[in-house]
Number of protein chains: 2
Amino acid sequence: MQYQRVSRDVVEELRSIVGKGNVIFDDEEKLEGYAHDEVQGLKSMPEVVVKPQGAEEISKILKLANKKLIPITPRGGGSGLSGGAVPILGGIVISFERMNRILEIDEDNMVVVVEPGVITNDINRVLKEKNLYYPGYPMSVESCFIGGNVAENAGGGKAIKYGVTGRYVLGLEVVLPTGEIAHFGGKRVKDVTGYDMVHLLVGSEGTLGVFTKIILKIIPLPGKIVDLFVPFSSVTDAINTVSKVMSIAGIIPTAIEYMDRLSVRTAVKYLGGRFPIPDAEAYLLIEIDGGNKAQLEEDYEKIGNLCMENGALDVFIADNNSNSERMWKVRRNIGEAFDRFEPIQQGEDIVVPKKEIPKIVEELQRLSEEFGVLIPTFGHAGDGNLHPTIIKPKDMSMEEWERLLQKLLTKLYKKVKELGGTLSGEHGIGYKRKKYLPIFLSQDEIKLMKRIKFAFDPNLILNPGKIFDIDMV
Amino acid sequence: MQYQRVSRDVVEELRSIVGKGNVIFDDEEKLEGYAHDEVQGLKSMPEVVVKPQGAEEISKILKLANKKLIPITPRGGGSGLSGGAVPILGGIVISFERMNRILEIDEDNMVVVVEPGVITNDINRVLKEKNLYYPGYPMSVESCFIGGNVAENAGGGKAIKYGVTGRYVLGLEVVLPTGEIAHFGGKRVKDVTGYDMVHLLVGSEGTLGVFTKIILKIIPLPGKIVDLFVPFSSVTDAINTVSKVMSIAGIIPTAIEYMDRLSVRTAVKYLGGRFPIPDAEAYLLIEIDGGNKAQLEEDYEKIGNLCMENGALDVFIADNNSNSERMWKVRRNIGEAFDRFEPIQQGEDIVVPKKEIPKIVEELQRLSEEFGVLIPTFGHAGDGNLHPTIIKPKDMSMEEWERLLQKLLTKLYKKVKELGGTLSGEHGIGYKRKKYLPIFLSQDEIKLMKRIKFAFDPNLILNPGKIFDIDMV
């Protein structure tokens, strides 16, 4: 694909579409804020940033880009972990910061209609007043945009019970790469009228269409929430307990988060406070919720006992908001903590079938020894979704580090594949993981996905360089 | 598209692929069984029927058909309600009757792996022994195949709480129209590795690929089930109560089924038994389930009182299997009952946002008067998904009936669209509804779907004539 650069004429056209004040051009400092997401070391400057309002403006922008063959990169909160919002080939970045309205809370139909630039947490801030709830809970919930959550099919901390973002997306207004405004799904819980375009678009990482309105299913606010924070003296004991909570106790918790010693220590150091839980090798953070207090008490007793029988050092119960938030804050900040204290590291997002979690944790320990690197690990163990973080030794050269990483990741991924797992559970392939896609998908499977990409985007202008290399279509 | 007829040579090749005894050819009587589904008056003979076993055989069949340009129609239990399994253009029907094994019950990962020809009910028959549950519950649960459920994204009676089929499909082995065997998803609850092919294939009505293995998520068997059967003296009272159960009582039931007087009477007549519930204008069948008996009692008291406050004549509680089954049997057999007693009728599958159910029921009553036809109505009111059944007056000519139907349906659909609803909630577009698709989807939206079809099936051999007309690509 031969893309064109953004000319002064194109900038003028963009200004006339979105208004002069909503275009950033020729301003390195401001443009730099749109050159990266949360992937360490990945940066690529946009040529121009536009901040449109509504589908009509975005339609005009896409028609222009499609005619001129200029790459378009949609950008949400910039908290992504796969480089999905990084304009790898320059061109135009569409930022949704001005499309941040909650358009409608429809209690009768139990849906909320939002623009893509709403911060995910803000949805629940508003819903809470009406005793309603949107169960999406990515760890970046305080800064990520709902549009990005939908584009990545974000998972997060409450997916065991509530599922991932896609389960809640009932309808989308979307601008196609060729500029048409399309509507798929709606305020309805069932719809088999043609192909399921909604769920093809969910998780398509901004490569198939640009969302302009999102209809989300909401549920009644869960009555009461209890968190159990459980330290273990061994990683193995903690990990082996995960599947037992569901299989032996027969309870489907909201969350079962796993954190090893180094992950917790790093987050606590980053947050700066003291952490009133004894030093241990591994921790589980288990959340349950429900409308019935008696049932909830019965459940957490059962889970607590099960943990103690399986090597827990203690079980701390948090049954009020501030104690719960203290525990979750540690969990939510692990990623950022490593980013701060370990200048060079690689965060992963592997998934395996639940039963195989102990095996993959064992493999991570083995790889850590074989390669002589630390691999602290945390994540959504109840979903089989872990975030091992490979830390570069301080004295290693960058060349050596790159070689090591490639070797280590290839070994890790092959094991993940062998165990029936996959490359990414919730962060996406984006730019960061695309070279490893062929370990997990066959050439035929990738070719089919490229044909779908081509069906949406014949000029390949939308978020090029993500998921796979488009010049291979 | 210029399709070819099935030659004797092709039949010989098919025999060598699946074995002589697994090909039906030149036998009108046997072929006729594969010429229709449950859509009244729709029949088209296959040229040949094959009963393969496994992906390898199906791959060979599709490669052959793709080379010779012969239409392929995959067929499940034949209980479909949109003509999806009817070989409109002749060619080869693939029947899954020999691919009926439950391959694996994996309790650790809470999944079951099945072949597409398993009868949906049989999955739960086996799971029940292990206290496990698959929540799919189409009304044809005793005869439909799970492969058909996935192809249509079947809804059914328990979708309010448990969602539709697609929520449970974690992975698919699928033969592409060009013959490649692909694997998407797996035994994992999160997966964002490339596009969500699993959910694009779910509900694609056998037009994008042929399923050969299905990985389904399962859940613990719900502890206890209670059904409430509630007669009302007016349709309006019954329908107005539906949304109140969820919004006022704050309970998410498993099911809220609506049946009007004529629907219930016809089913009871068909079943031949006596129905120990007083004669009323409309009925709700409300099911709740849960692990905690006290909670369940509290919930059904609340729902019962709410019904009585809203015009119910009485509330009958069924808290054992045989009473529940007696009520559900009536509900499940309405469709078949109309099919038996009303030789010519048209069953619909409209969906509207929950809040709009009273308005659409009002419109149905209006249309019934305007056109002078009976339109008994039943369905999954809690999902906003209704099955109005338009009955041909006995003395009306077929020409007049066809004209009436087209006029009535066009008016009905325009109202459904105006209310934010859609053409089909769970039965699919198939052959039966394709001419009405443009009322609900724009030309751009349909064109995009056709491009996706083309990405999968460049020779357009797989289930042609369904959803839209393929020669328009």
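The values are calculated or read from the model by the stated rules, or taken from the named source; none is laboratory data. The model shown is predicted, which means the values in this text are computed figures rather than measured ones. FYI the Cβ positions are ideal-geometry reconstructions off the backbone, even for glycines, and counts take in every protein chain you see. We work out accessible area using only protein heavy atoms, side chains counted, and drop any ligands, DNA or RNA first. Shrake-Rupley method; radii C 1.70, N 1.55, O 1.52, S 1.80 Å.
Confirm whether A:Tyr270 is under 27 Å from A:Tyr134 (Cα atoms) and more than 14 Å from every other protein chain (Cβ to nearest Cβ). Spelling it out, it is not the case that A:Tyr270 is under 27 Å from A:Tyr134 (Cα atoms) and more than 14 Å from every other protein chain (Cβ to nearest Cβ).
State which residue is least open to solvent (accessible area, probe 1.4 Å) when the search covers only the stretch A:310-369 and only residues that are hydroxyl-bearing (Ser, Thr, Tyr) and either in contact (Cβ under 8 Å) with a residue 60 or more places away in the chain or more than 30 Å from A:Lys394 (Cβ to Cβ) (or both). Once the filter is applied, the top-ranked residue is A:Ser324. Among the residues making up the stretch A:249-258, a single one is aliphatic (A, V, I, L, M) and open to solvent by 40 Å² or more (accessible area, probe 1.4 Å): A:Ile252. Answer yes or no as to whether B:Val264 is among the aliphatic types (A, V, I, L, M) and either part of a strand (DSSP E or B) or within 14 Å of chain A (Cβ to nearest Cβ) (or both). For B:Val264, the condition - among the aliphatic types (A, V, I, L, M) and either part of a strand (DSSP E or B) or within 14 Å of chain A (Cβ to nearest Cβ) (or both) - is not met.
The set of residues in the stretch A:222-248 that are within 14 Å of another protein chain (Cβ to nearest Cβ), surrounded by fewer than 17 Cβ atoms within 10 Å (Cβ to Cβ) and small (Gly, Ala, Ser) comprises A:Gly223, A:Ser247.
Can you name every residue in the stretch B:269-320 that is in a helix (DSSP H, G or I), touching a strand residue (DSSP E or B) at 6+ places or on another chain (Cβ under 9 Å) and not aliphatic (A, V, I, L, M)? B:Lys293, B:Gln295, B:Glu297, B:Asp299, B:Tyr300, B:Gly304, B:Cys307 - these are the residues of the stretch B:269-320 that are in a helix (DSSP H, G or I), touching a strand residue (DSSP E or B) at 6+ places or on another chain (Cβ under 9 Å) and not aliphatic (A, V, I, L, M). Does A:Gly420 satisfy the criteria of being outside any helix (DSSP H, G or I), open to solvent by 10 Å² or more (accessible area, probe 1.4 Å) and at the interface with another protein chain (Cβ under 9 Å from one of its Cβ atoms)? For A:Gly420, the condition - outside any helix (DSSP H, G or I), open to solvent by 10 Å² or more (accessible area, probe 1.4 Å) and at the interface with another protein chain (Cβ under 9 Å from one of its Cβ atoms) - is met.
Conditions (1) touching a strand residue (DSSP E or B) at 6+ places or on another chain (Cβ under 9 Å); (2) closer than 27 Å to A:Pro253 by Cα; (3) assigned to a loop (DSSP other than H, G, I, E, B), marked per residue:
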site: A:Gly382; (1), (2), (3): yes, yes, no
site: A:His387; (1), (2), (3): yes, yes, no
site: A:Met396; (1), (2), (3): no, no, yes
site: A:Thr410; (1), (2), (3): no, no, no
site: A:Val416; (1), (2), (3): yes, yes, no
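Out of the residues in the stretch A:280-295 that are open to solvent by 10 Å² or more (accessible area, probe 1.4 Å) and under 30 Å from A:Pro376 (Cβ atoms), which is farthest from the other protein chains (Cβ to nearest Cβ)? Residue satisfying both the conditions and the ranking: A:Glu281. With respect to B:Glu38, determine if the residue is away from chain A (no Cβ under 14 Å), charged (D, E, K, R), out of contact with any strand residue (DSSP E or B) (no Cβ under 6 Å at 6 or more places or on another chain) and within 25 Å of B:Gln346 (Cα to Cα). Taking the combined requirement at face value, the residue satisfies it. Per the conditions (1) within 19 Å of B:Asp339 (Cα to Cα); (2) facing another protein chain (nearest Cβ under 9 Å), the sole criterion not satisfied by B:Asn385 is (1).
The residues of the stretch A:423-456 that are of a type in the set (Ser, Thr, Tyr) and surrounded by 21 or more Cβ atoms within 10 Å (Cβ to Cβ), listed by number, are A:Ser424, A:Tyr431. If we keep just the residues of the stretch A:298-309 that are in contact (Cβ under 8 Å) with a residue 24 or more places away in the chain and out of contact with any Phe, Trp or Tyr (no Cβ under 9 Å at 6 or more places or on another chain), which is surrounded by the fewest Cβ atoms within 10 Å (Cβ to Cβ)? Per the criteria, the residue is A:Lys302. Of A:Met327, A:Met398, all but one fail to be assigned by TED's automatic domain parsing to the domain that holds A:Val235 and of a type outside the set (D, E, K, R); the exception is A:Met327. Can B:Ala312 be described as modelled with pLDDT of 95 or more and not assigned by TED's automatic domain parsing to the domain that holds B:Ile391? Answer is yes for this residue.
Considering A:Ile70, A:Ile119, the condition of being of a type outside the set (Asp, Glu) and in the same structural domain as A:Asp37 (by TED's automatic domain parsing) is satisfied by A:Ile70 alone. For the stretch B:433-457, the set of residues classified as assigned to a loop (DSSP other than H, G, I, E, B) and more than 9 Å from chain A (Cβ to nearest Cβ) consists of B:Asp457 only. Put simply, of A:Asn459, A:Asn385, A:Asn463 the only residue that is polar (S, T, N, Q) and open to solvent by 20 Å² or more (accessible area, probe 1.4 Å) is A:Asn459.
When the stretch B:247-261 is filtered for residues that are more than 18 Å from B:Tyr283 (Cβ to Cβ) and part of a helix (DSSP H, G or I), only B:Ser247 remains. Evaluation of A:Lys394 against the conditions (1) open to solvent by 60 Å² or more (accessible area, probe 1.4 Å); (2) in contact (Cβ under 8 Å) with a residue 24 or more places away in the chain shows that the sole unmet condition is (2). Here A:Asn323 meets each of (1) within 14 Å of another protein chain (Cβ to nearest Cβ); (2) over 23 Å from A:Gly425 (Cα atoms) with one exception, condition (1).
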